[in-house]
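FYI, it's all coordinate maths here, none of it is from the lab. What you are looking at is a predicted structure, and each value in this text was computed from that prediction instead of being measured. Glycine gets a Cβ as well: all are built from the backbone with ideal geometry, and neighbour counts include every protein chain shown.
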Amino acid sequence: MPRRHFRDLIRTGPVQVGTSYDHRGREQHTAACTAPRCGFSADYDSRAAAELAARTHRCPVR
Ligand SMILES: [Zn+2]
């Protein structure tokens, strides 16, 4: 997970969703899986999209 300052961090299963600002000061929403060896991480324009991705994520590793 990149070193960014996240706020409103939540966890859905193994996936964390946090809101941060990119280098242009725009909000972006990141879903990142915390499971070892999974490595899933993606940025979304909206919080809803990030939370949906977190809820529907299926770890390839288990
Ligand atoms: Zn995963």
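Here is a check on your reading of the model: is Arg37 within 16 Å of the ligand (Cβ to nearest atom) and in a loop (DSSP other than H, G, I, E, B)? Here the answer is yes, as Arg37 does meet what is asked.
If only residues of the stretch 16-27 that are out of contact with any Phe, Trp or Tyr (no Cβ under 7 Å at 6 or more places or on another chain) and of a type outside the set (Ser, Thr, Tyr) are counted, the one that is nearest to the ligand (Cβ to nearest atom) is Gln16.
Within the stretch 34-62, residues that are under 14 Å from Thr12 (Cα atoms) reach partners that are surrounded by 13 or more Cβ atoms within 10 Å (Cβ to Cβ) and of a type in the set (Val, Ile, Thr) with beta carbons closer than 6 Å, at six or more positions or on different chains, in the pairs Ala50/Val17; Glu51/Val17; Ala54/Thr12; Ala54/Val15; Ala54/Val17; Arg55/Thr12; His57/Val15.
Residues are listed down the side, and each one gets a yes or a no for (1) surrounded by 13 or more Cβ atoms within 10 Å (Cβ to Cβ); (2) at positive phi; (3) in contact with a strand residue (DSSP E or B) (Cβ under 8 Å, 6 or more places away or on another chain):
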| site | (1), (2), (3) |
| --- | --- |
| Gly13 | yes, yes, no |
| Arg24 | no, no, no |
| Arg37 | no, yes, no |
| Tyr44 | yes, no, yes |
| Ala48 | no, no, no |
| Ala53 | yes, no, yes |
| Cys59 | yes, no, yes |
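Just give me the residues in the stretch 40-62 being under 18 Å from Phe6 (Cβ atoms), in a loop (DSSP other than H, G, I, E, B) and of a type in the set (A, V, I, L, M, F, W, C), in sequence order. Listed by number, the list holds a single entry, Phe40. Every test in (1) within 16 Å of the ligand (Cβ to nearest atom); (2) among the polar types (S, T, N, Q); (3) in contact with a Ser or Thr (Cβ under 7 Å, 6 or more places away or on another chain) is passed by Thr12 save one, and that test is (3). Among the numbered conditions (1) more than 10 Å from the chain's Cα centre (by Cα); (2) surrounded by 17 or more Cβ atoms within 10 Å (Cβ to Cβ); (3) more than 11 Å from the ligand (Cβ to nearest atom); (4) not hydrophobic (A, V, I, L, M, F, W, C), the only one that Thr30 does not meet is (1).
For the stretch 4-42, a tally of residues being under 22 Å from Cys59 (Cα atoms) and of a type outside the set (S, T, N, Q) returns 19.
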